[in-house]
Amino acid sequence: MSGERPLGSERRAVSQLGPELLEQDLTRGSGGNVSVRNGDRFAISPSGISYEEITSEMVPVVDLEGTLVSGEYEPSNEMPMHRLIYEHRDDVGGVVHTHSPYASTFASLGEAIPASHYLIAYAGKEIPVAGYEPPGTEALGELAVDALGADHDACLLQNHGVIAVGEDGAAALETAVMVEYCARIHYQASAIGDPVIMDDDDLEYLLEMFGTYRQKGK
Ligand SMILES: [Zn+2]
């Protein structure tokens, strides 16, 4: 019976977050992917299906070893990266991967996005860059885990795109939106002058304001 499949609300969240990526201009076609965790399993976008067509029934469920536990569709090819992030970050309940254009511009430059706008605090004191490894590999996932560390909720993937995480799928999507906004502002500010980069004290204050769930020791 389809109704007995696990992680119903997480699968529904994945099916609803996908179209949001398109609406918020964070990706095109079936690019990018999202996942939502519950304990030691997570629901993740199926591979190669456009977001409008994905129903919660089509969303595969995978465990933290990367084994498919439920579903008829193949998990996204970036499943290893999602899996490694959950394995290393107990506080993360949702992961959003995009190819959003302004953030991907900095990813192609191999440049971290500095704190030229206070909303960077959604991600940390900056948005760091993970180096390049081919899409879909464990090696790429390991670079993303290292770049995120314990203190960042987003990073760039060099020559590729963005990873954003949050306590659930909606929080991860919100962070992905903020990353793209900060990237756009930094690009625009750099085009007409030298952006003022915020100092450490101001950033610490903002992280306390924005990063409350991290500081509850989850
Ligand atoms: Zn990608």
Please check: in the Gaussian network model of the chain (C-alpha springs, under 10 Å), which one of 16, 24, 158 has the largest mean-square fluctuation. 24
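Can you pull out the GluC sites (Glu not before Pro) in region 133-218 that DSSP calls coil and that have at most 10 other Cβ atoms within 10 Å?
Counting only loop positions with at most 10 other Cβ atoms within 10 Å, none of the GluC sites (Glu not before Pro) in region 133-218 qualifies.
Per residue, how much accessible area does the chain show when a 1.4 Å probe rolls over the protein heavy atoms, in square angstrom? Let's see the in-between values first.
On the way: 10010 Å² over 218 residues.
The answer is 46 Å² per residue.
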From the helices alone, meaning DSSP H stretches of at least four residues, give me the mean residue ellipticity at 222 nm for the chain, per-run term -39500 (n - 2.57), in deg cm²/dmol to the nearest 500. -12000 deg cm²/dmol
Once both labels are modelled 7 Å past Cα along the beta-carbon direction, what's the residue 190-residue 132 spacing in nm? 1.7
Gain upon complete extension [residue 197, residue 118; 0.36 nm per residue less C-alpha separation]: 27.5 nm
Which cross-chain or sequence-distant (5 or more) residues have an amide H under 5 Å from the amide H of residue 113, H modelled 1.01 Å from N in plane? 127
Cα gyration tensor, region 102-162 - rounded (a/c under 1.5), prolate or oblate: oblate
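If you take all C-alpha pairs in the chain, what percent of them are over 26 Å apart? List each step's numbers first, then the result.
On the way: 7199 of 23653 pairs.
Result for the distance tail: 30 percent.
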Using a probe of 1.4 angstrom, how much of the accessible area of the chain is carbon and sulfur, in percent? 47
Check: C-alpha center region 142-161 vs C-alpha center region 1-50, spacing in Å is 20
Compare 58, 79, 198 in a GNM of the chain, Cα atoms joined below 10 Å, and give the one with the largest fluctuation. 198
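Give a quick list of GluC sites (Glu not before Pro) in region 1-86 that DSSP marks as loop, anything other than H, G, I, E or B, with at most 14 other Cβ atoms within 10 Å.
Details: sites: 4, 10, 20, 23, 52, 53, 57, 65, 72, 78; in loops: 65, 72, 78.
Sites meeting the loop and neighbour criteria: 65, 72.
The values are calculated or read from the model by the stated rules, or taken from the named source; none is laboratory data. Since the model is a prediction, treat every value here as computed from it, not as a measurement. Positions of Cβ are backbone-derived with ideal geometry, glycine not excepted, and every protein chain shown enters the neighbour counts. Ligands, DNA and RNA are stripped out before the accessible areas are found, and what is left, the full protein with its side chains, is counted by its heavy atoms. Shrake-Rupley method; radii C 1.70, N 1.55, O 1.52, S 1.80 Å.
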